[in-house]
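Shown next, in structure tokens, is the structure this report addresses.
The values are calculated or read from the model by the stated rules, or taken from the named source; none is laboratory data. Model, not experiment: these values are computed from the prediction. When we count neighbours, we look across all protein chains shown, and the Cβ atoms used for this are built from the backbone with ideal geometry, even at glycine. The area values use the complete protein model at the heavy-atom level, side chains included, leaving out ligands, DNA and RNA. Shrake-Rupley method; radii C 1.70, N 1.55, O 1.52, S 1.80 Å.
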Amino acid sequence: MGQSVSAAKLRNRRDWNHRQRSKPKSTALICPMQAEETEELERSNTDGSSDFISDLPDECLACIFQSLSPADRKRCSLVCRRWLLIEGQSRHRISLNAQSDLQPLIPSIFSRFDAVTKLALKCDRRSVSIGDDALVLISERCRNLTRLKLRACRDLTDAGMLAFAKNCKGLKKLSCGSCAFGAKGMNAVLDNCPALEELSVKRLRGITDGAAAEPIGPGVAAAALKTICLKELYNGQCFGPLIIGAKNLKSLKLFRCSGDWDKLFPLIVERVAGMVEIHMERIQVSDVGLAAISNCSNLEILHLVKTPECTNAGLGAVAEKCNLLRKLHIDGWKANRIGDQGLIAVAKSCPNLQELVLIGVNPTKLSLEMLASNCPNLERLALCGSDTVGDAEISCIAVKCIALKKLCIKNCPVSDHGMEALASGCPNLVKVKVKKCRGVTSEGADWLRATRGSLVVNLDINLDMGEHLDASASDGGAQDNGIEFPPMVGSQIGASSIASSSTGRSTSFKLLGLMSGRSFVACTLRRLASSSRS
């Protein structure tokens, strides 16, 4: 009975396939490539299997491609011509090696990738970069460009930037580093790109030093600018007109820019009072500048990195008026000009504090206890290079910091007794990182890990003091040798997760890992050789 039913189904299927083959085929609007794919589809139907992927609309296939990694996208583009076409048309971000020999390839590249909105042009510093002609050619084919990153494109001039800006008026984000154009090229962008929201400039060689420097800004872009980041500029104050004119500015980051910023900050804050985030690293600023910054009542994030002229008085002035402060990073550079007095002022006036990083600062139990008591939302705390943070201070943190989730202790006189205090305190603690603390042993860390099974404990007992403490964030936002609080992931919360989840490791740590790997291999080879002799 079952065999007769199966035979009937097989005959019906053959009849259906015969009818499909006998239908007239319309090829009026079908190109040869589509005809080949149609024949392949019909052959697959004849064999009894269906190619459902070929039935997907181009829009669905493009969505799938956009969720893949760049390497997987490249592999998918090699499957067939249709996939190659869709992958190119759906790719919005590309990065190109911007050497001089790129120019002849630009038409073919942007014929395939004709929907690019985010472009990175990076050149090796030892190579000859693209010039103005190549940049203009790119701008003519990418008029919808919204983001541009230029790295070491030293052959670009002011004239090339002017032509580019006129063709790409919808630009929203510009990041340039180690380029040779100057103030005229930057002003060309600011005058022709009214939608510009983010500007990042690093080592712009064409900006002249001294009083003769041409001012930059404000231009039509000033009204839309929300983020300005200036790094390693000989005369960063020539951007003063732009900063002052950016009335909607939310984030200002200044890294190693020469000049007296105490004179400029009062003018900035008078016009731009809505800033939420301010980073200052190795710039000439004192309590005068901090007093001006204190008028930014909406300030939530403040980084004071290696600004030795800032003292407790300046920090107190900021804390008194900036009551919305959520993140505070201080690298005191061992100057001992910021301590308990300034931190107590923060504790009294900033109840919303969630993240506190102290490097080269010497707080005592007095200020730490007030911070723990008055800042109930404190979730992330880092204490590095402090001579006054010992077991008593860690015990105070364990008892008082109820909301604390992440704790980092580096190069402090803490011992295993401090680890014991953490075993019974900080009920919400998720991760503890201890580094270069001579008194903390691997046994103490193991005991803490065993006592609190859900707590991730990272211990680095390397005592090489050659690596100095650094809270620098000048390279793309990641802190090279400083403290980084990555987003918490549920899978990291486990006793077996011993490795650090930080991605901001310094080169010295990578070198150390490489050397340890080599020594392990050498040791293994020696053991094998000795065993073979025996």
Report whether or not residue 205 is more than 24 Å from residue 220 (Cβ to Cβ) and out of contact with any strand residue (DSSP E or B) (no Cβ under 8 Å at 6 or more places or on another chain).
-> yes
Among the residues of the range 228-236, is any under 15 Å from residue 176 (Cα atoms) and in a loop (DSSP other than H, G, I, E, B)?
-> yes
Residue pairs within 9 Å by beta carbon, gap of at least six or interchain, first lying in the range 397-412 and at positive phi, second open to solvent by less than 10 Å² (accessible area, probe 1.4 Å), listed first then second, are 411/384; 411/385; 411/386; 411/436; 411/437
Of all residues in the range 71-124, count the ones that are touching a residue at least 40 places away in the same chain (Cβ under 8 Å) and open to solvent by less than 30 Å² (accessible area, probe 1.4 Å).
-> 1
Might you check whether a residue that is within 20 Å of residue 373 (Cβ to Cβ), surrounded by fewer than 22 Cβ atoms within 10 Å (Cβ to Cβ) and small (Gly, Ala, Ser) occurs anywhere in the range 349-360?
-> yes
Flag for residue 243 being part of a helix (DSSP H, G or I), open to solvent by less than 20 Å² (accessible area, probe 1.4 Å) and modelled with pLDDT of 95 or more = yes
Out of (1) surrounded by fewer than 23 Cβ atoms within 10 Å (Cβ to Cβ); (2) outside the structural domain of residue 429 (by the TED database); (3) in contact (Cβ under 8 Å) with a residue 40 or more places away in the chain; (4) touching a Cys at 6+ places or on another chain (Cβ under 9 Å), the one residue 298 does not meet is (3)
Taking the range 303-337 and keeping residues among the acidic types (Asp, Glu) and over 27 Å from the mean Cα position of the chain (by Cα) leaves 309, 320
Taking the range 212-223 as the region of interest, how many residues are surrounded by 18 or more Cβ atoms within 10 Å (Cβ to Cβ) and part of a helix (DSSP H, G or I)?
-> 2
How many of the residues making up the range 217-262 are touching a helix residue (DSSP H, G or I) at 6+ places or on another chain (Cβ under 8 Å) and basic (Lys, Arg)?
-> 1
So which of 273, 291 is under 20 Å from residue 323 (Cα atoms), open to solvent by 40 Å² or more (accessible area, probe 1.4 Å), touching a helix residue (DSSP H, G or I) at 6+ places or on another chain (Cβ under 9 Å) and not assigned by the TED database to the domain that holds residue 180?
-> 291
Give the number of residues within the range 55-113 that are in a strand (DSSP E or B) and acidic (Asp, Glu).
-> 0
Which one is nearest to residue 194 (Cα to Cα) among residues in the range 248-270 that are open to solvent by 20 Å² or more (accessible area, probe 1.4 Å) and outside any loop (DSSP other than H, G, I, E, B)?
-> 253
Please verify whether the range 74-96 includes one or more residues that are touching a strand residue (DSSP E or B) at 6+ places or on another chain (Cβ under 7 Å), under 28 Å from residue 174 (Cβ atoms), charged (D, E, K, R) and modelled with pLDDT of 95 or more.
-> no
Residue check for residue 369: touching a residue at least 12 places away in the same chain (Cβ under 8 Å), open to solvent by 10 Å² or more (accessible area, probe 1.4 Å), among the acidic types (Asp, Glu) and touching a Cys at 6+ places or on another chain (Cβ under 8 Å) = yes
